[in-house]
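The values are calculated or read from the model by the stated rules, or taken from the named source; none is laboratory data. From a predicted model like this one, the values you see are computed outputs, not experimental measurements. Please note: Cβ atoms are built from the backbone with ideal geometry, for glycine as well, and neighbour counts cover all protein chains shown. For accessibility, only protein heavy atoms count, side chains too; no ligands or nucleic acids. Shrake-Rupley method; radii C 1.70, N 1.55, O 1.52, S 1.80 Å.
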Amino acid sequence: MDCIFCKIVKGEIPSYKVYENEKVLAFLDINPANYGHVLVIPKEHYNNILDVEEDDLIEITKAVKKIAEILAILLEPDGINILQSNNPAAGQVINHIHFHIIPRFVNDKVTFHWEPNKLEKKQFEELAKRLKEELEN
Ligand code: AMP
Ligand code: ZN
């Protein structure tokens, strides 16, 4: 498969690896939003959050926490963002599920900005009801 992250897993493309276990690989983002920007991926190819196996997702999440803790100690950032995008409309460029770990520093230039949508009380109620009904099944 022509997936750049699968090629990184196989060692066909170089990367700055920072952590690896049987299921997961983490490496430095080549175009970091900030110093210390790390990507965490499953070694198995999944497109996104919708098709990833739950067991692999658990392993990714455990690695994300482990790496975030080490970044917090090493770089002493003021904050850390965890970002994960699904499909191009959401900003996903590489079609192999990945979690961004982005150390944040007061007054850095990283932005995640959106204008809030205005919803009526009725819309909140209806939406919450629909979701709750499905999630309870
Ligand atoms: P996304 O927009 O969530 O799909 O993010 C893809 C990320 O992968 C971007 O932040 C890129 O900088 C990063 N990236 C692309 N190619 C490589 C590579 N060969 N090594 C490391 N990071 C990469
Ligand atoms: Zn892949």
request  = Provide, as a two-decimal number, the C-alpha radius of gyration of the stretch 83-137 over 2.2 N^0.38 Å, N being how many residues it has.
outcome  = 1.65
remark   = Here Rg/Rh (Cα, Kirkwood) for the chain equals 1.03
message = I need the peptides 88-96, 117-125 ranked by packing, meaning the mean over residues of other C-beta atoms within 10 angstrom, with the highest value on top.
response = 88-96, 117-125
ask   = Per residue of the chain, what 222 nm ellipticity follows from adding -39500 (n - 2.57) for every DSSP H run with n ≥ 4, rounded to the nearest 500?
value = -11000 deg cm²/dmol
Asp108, Asp56, reordered so the largest accessible area comes first (probe 1.4 Å) = Asp108, Asp56
Within the stretch 34-62, backbone nitrogen closer than 14 Å to the virtual label 7 Å beyond the Cα of Leu28 toward Cβ = 34-39
request  = Provide the solvent-accessible area of Leu75, counting protein heavy atoms only and rolling a 1.4 Å probe, rounded to the nearest 10 Å².
outcome  = 50 Å²
query = If r is the Cβ-Cβ distance from Leu127 to Ala89 and R0 is 25 Å, what FRET efficiency results, to the nearest 0.05?
reply = 0.80
task = Express in Å², to the nearest 10, the accessible area of Tyr16 obtained by rolling a 1.4 Å probe over the protein heavy atoms while all chains stay in place.
result = 140 Å²
